[in-house]
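The values are calculated or read from the model by the stated rules, or taken from the named source; none is laboratory data. The shown structure was predicted, so the numbers you read here are calculated from the model rather than taken from an experiment. Glycine gets a Cβ as well: all are built from the backbone with ideal geometry, and neighbour counts include every protein chain shown. Calculation scope for accessible area: heavy atoms of the full protein, side chains included, ligands and nucleic acids excluded. Shrake-Rupley method; radii C 1.70, N 1.55, O 1.52, S 1.80 Å.
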Amino acid sequence: MSPAPTLQPVFAVPLGAARLEACERLNRELEALFLAREDDEHRNPMPSHIPQRETFESRFNLFRWPEPCVQELRKFVLDTVVATVLRATTLLPADLARLTLHNHTWFHITRHAGSFISHNHPMASWSAVYCVRAGEPVPEEPGSGLLRLFDPRSGAGAYRDPANSRLHPAFASAPLDFRLADGQILVFPSYLFHEVAPFYGRDTRITVATNCWFA
Amino acid sequence: MSALAPHVVPIFATPFGVVTLPQAQTLNSALAELFTARAVREESTAGGAPGRRVFVSRDDLLEWAEDPVRQTMREIVAGVTAVAASISELSSEELGRLHIQARAWFTVVRPNGCVPATSYPNTSWLAVYCVTAPEPSEERVDSGVLRMHESRMETSFQDPVDQSNRAPYRRGHYTWRPVPGQMAVFPAALVHEIAMVRAAGTLTLLTAGARFAGASGAWMPPW
C-alpha cells in the first residue's frame, strides 16, 4: 500500500469575511445619506468603465466625509481589512502600525438591471465590499445582484475529464458567487477580477467598496 | 526621448478572427424565424412565460434537419477552419486529414438580458455568429457586445505609460459588436460574456464550439 500523499492548496487566494452585528441602524443612516447625495456633485467624475444610468458611483473620497455614520463604517471596514492582512501575511501588528493605510472608498447605488463589469483594481493591494442594502431577492433570477469573484488561474479549466471535474471547493476552477447580506463585508486581493451581476430587484442594492494600499 | 528603434512584437498573443458568412443575407431571416419558434415552444414547454430575457437552446443544432441551419453550420465550420488554418503551421493537406468536431446552440437575448461570463473546456475554438442584433445605441455603447475578459493578471500594476498602450498591448477587456452575418472566432478557453442588451430589439446568436481530431481516432475527452 502506498503512503497517502499530503494534499494542500497552493497558489491560494485569501478571502476575508465578516459581518457587522446589529448593523440595522448604521445601514439605515448610510442609506439615507447616500440616497440624498446621489447627484452630480457627488458622482465619480472620472469613471474607469462605461457608466450605467442604473448604477450610481460616488467619488472615491467617501471615508473623508465627516458624518458619524460614515466614520463608524470606516472604522469597521478598515479594521476588517487590517485584520485580514494580519491573517494573510507574516506581518505583525507592530509592522503594520508603522505603515500608513491609504484608501479610495466609494458607494454604489444599483437599481433595476444595473450591474458592474468585471474589473480589478490596479495599484492597490486589498479591496473590500461592504453591503449596506442587499436589495430584494428575485426568485426567478437567482443570479440577481451577485458579487462574482473570478478564478485568477486563467485557463486552468481548459481541459476537463472526470478526474478533475469534481474537485473539492478549495481546488475547484470556477467563479465564486456571493449573495451579500446587509452588514456583510468581503476582503480580497485587488488583483482579483470581480463583477456585480445584473440586479433585477425593484428596490435598490447599495454597497460600499474600498481599495487599500499601504506605504 | 530615446532615438533607439526597438524591435517590438506581440508575444503570448490571442487570435481573434472575424468571418462574414457568404450566404448570411439569405440565411438569417430563416434562422431567426426557426430560432424564435423553437424558443417560444421550449419556453412554453418548460412552464415559463415566453419572452424572458434570455433563452439558450440545447446544443443540438448540428442535428437539425432544416436547410438554413445545415447550410449555416457548414459555413460556420468552414469559417472556424479558415481561422485555425490562418495561424497554424499545419499544411492544408495535414489539416485536411483532421476532422472537426462541433456542437452548436443558439441564444436569444432580449432587452435587459445578458449572458454571464463563461468559457468552454475541451474545446479549441468558439464561434459566435450573429443572426439578428438591435440597432447600436450611441447612449449605451456596450449594449449587447461580446466582451472577452482580460486574462493577463500582471495588469494590477500600472503606471501612466502602461495605461496608454496601443492595441494589441492595450490592457483591459476586448469587445466586439455582433453584426448580423458576421462571426467572431476565438479560443474557447477565453472567458467571455454577452453584455446586457440595452436597446429595443433582440440579439440572436448562434454559438459553436469546435475542435479538431485526428483521423486515426486518437482519444479526445468527451464534451
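Using a 10 angstrom cutoff on alpha carbons, build the Gaussian network for chain A and name the most mobile of A:Arg202, A:Arg19, A:Arg153.
Comparing A:Arg202, A:Arg19, A:Arg153 in the GNM, the peak value goes to A:Arg153.
Please give the total accessible area that chains A and B bury against each other, computed with a 1.4 Å probe and expressed in Å² to the nearest 100.
Counting protein atoms only, the buried area is about 2400 Å².
Size of region A:66-151 along its principal axes in angstrom, Cα-based, largest extent first?
Between the extreme Cα coordinates on each principal axis of region A:66-151 lie 50, 36, 22 Å.
For the protein assembly as shown, what is the mean residue ellipticity at 222 nm derived from helices alone (per DSSP H run of n ≥ 4: -39500 (n - 2.57); sum divided by total residues; nearest 500 deg cm²/dmol)?
That comes out to -6500 deg cm²/dmol.
Can you pull a Stokes-Einstein diffusion coefficient for region A:1-146 at 37 °C (0.692 mPa s), Rh from Kirkwood over Cα pairs, as a whole number of µm²/s?
Once the numbers are plugged in, D ends up at 182 µm²/s.
Is there a simple number for the mean count of other chain Cβ atoms within 10 Å of the Cβ of residues in B:176-189, and what is it?
If you average over the peptide's residues, the count of other-chain Cβ atoms is 1.
With no solvent and one equal point scatterer placed on each C-alpha of the protein assembly as shown, evaluate the Debye formula and give log10 I(q)/I(0) for q = 0.06, 0.07, 0.13 Å⁻¹, two decimals.
-0.31, -0.42, -1.28
Quick one: pull the percent of accessible area on chain A belonging to carbon and sulfur, 1.4 Å probe, ligands and nucleic acids left out.
58 percent
When you look at the Cβ of every residue in B:111-118, what mean number of other chain Cβ atoms sits within 10 Å?
Averaged over the peptide's residues, the number is 4.
Which ³J(HN,Hα) values in Hz, rounded to whole numbers, follow from the phi angles of region A:7-17 under the Karplus curve 6.51 cos²θ - 1.76 cosθ + 1.60, where θ = phi - 60° and Gly and Pro get x?
Karplus-based 3J(HN,Hα) across region A:7-17 equals 9, 8, x, 10, 6, 7, 9, x, 9, x, 9 Hz.
Counting only the heavy atoms of the protein chains, how much of A:Val10 is accessible to a 1.4 Å probe, in Å² to the nearest 10?
Approximately 90 Å² for this residue.
Inverting the mean 1/r over all pairs of different Cα atoms, compute the Kirkwood radius of chain B and quote it in Å.
About 19.2 Å for chain B.
Given H placed on each backbone N at 1.01 Å, which residues far from B:Val145 in sequence or on other chains put an amide H within less than 5 Å of it?
Counting only residues 5 or more places away or on other chains, the set is B:Ala195.
Could you tell me the accessible area of A:Leu96 in Å² (1.4 Å probe, neighbours in place), rounded to the nearest ten?
The accessible area of A:Leu96 comes to roughly 20 Å².
Taking the Cα atoms of region A:98-144, what is the range of coordinates along each of the three principal axes, in descending order and whole Å?
Cα spread of region A:98-144 along its principal axes, largest to smallest: 49, 21, 15 Å.
Which percent of the accessible heavy-atom area of region B:17-213 goes to carbon and sulfur, probe 1.4 angstrom?
52 percent
How would A:Arg64, B:Arg147, B:Arg53 rank on accessible area, largest to smallest, probe 1.4 Å?
The ordering from most to least exposed comes out as A:Arg64, B:Arg53, B:Arg147.
How would you rank B:133-140, A:142-149, highest first, on the average number of other Cβ atoms within 10 Å across their residues?
A:142-149, B:133-140
Once you have the Kirkwood Rh of region B:75-151 from its Cα pairs, apply Stokes-Einstein at 4 °C and 1.567 mPa s and quote D in µm²/s.
Answer, rounded: 84 µm²/s.
Rolling a 1.4 Å sphere over the protein heavy atoms, what is the accessible area per residue of region B:17-213, to the nearest Å²?
Heavy-atom SASA per residue in region B:17-213 reads 48 Å².
Skip the ligands, DNA and RNA, and give the accessible area per residue of chain A with a 1.4 Å probe, whole Å².
Per residue, chain A has an accessible area of 54 Å².
Any idea of B:Asp67's accessible area? Nearest 10 Å², probe 1.4 Å.
110 Å²
Using a 1.4 angstrom probe on the protein heavy atoms only, could you order B:Ile100, B:Ile194 from most to least accessible area?
Largest accessible area first, the list is B:Ile100, B:Ile194.
How big is the Kirkwood radius of region A:56-215, worked out from every pair of different alpha carbons and given in Å to one decimal?
This gives a value of 17.1 Å.
Rounded, prolate or oblate for region A:1-86? Axes are the square roots of the Cα gyration tensor eigenvalues, ordered a ≥ b ≥ c, and the cut-off for rounded is a/c under 1.5.
prolate
Considering protein heavy atoms only and a 1.4 Å probe radius, which residues within region A:109-151 exhibit an accessible-area decrease of no less than 50 Å² in the full assembly relative to the chain by itself?
A:Ile117, A:Pro122, A:Met123
On a C-alpha basis, how far is the centre of region B:158-223 from the centre of region A:149-210 in Å? Whole number, if you could?
The distance from the Cα centre of region B:158-223 to that of region A:149-210 comes to 21 Å.
Taking a quarter of the surface of the convex hull around the Cα atoms of region B:135-223, what do you get in nm²?
Its average projected convex-hull area is 9.2 nm².
I'd like the FRET efficiency for B:Ala30 and A:Ala12, computed as 1/(1 + (r/R0)^6) with the beta carbon distance as r and R0 of 60 Å, rounded to 0.05.
0.70
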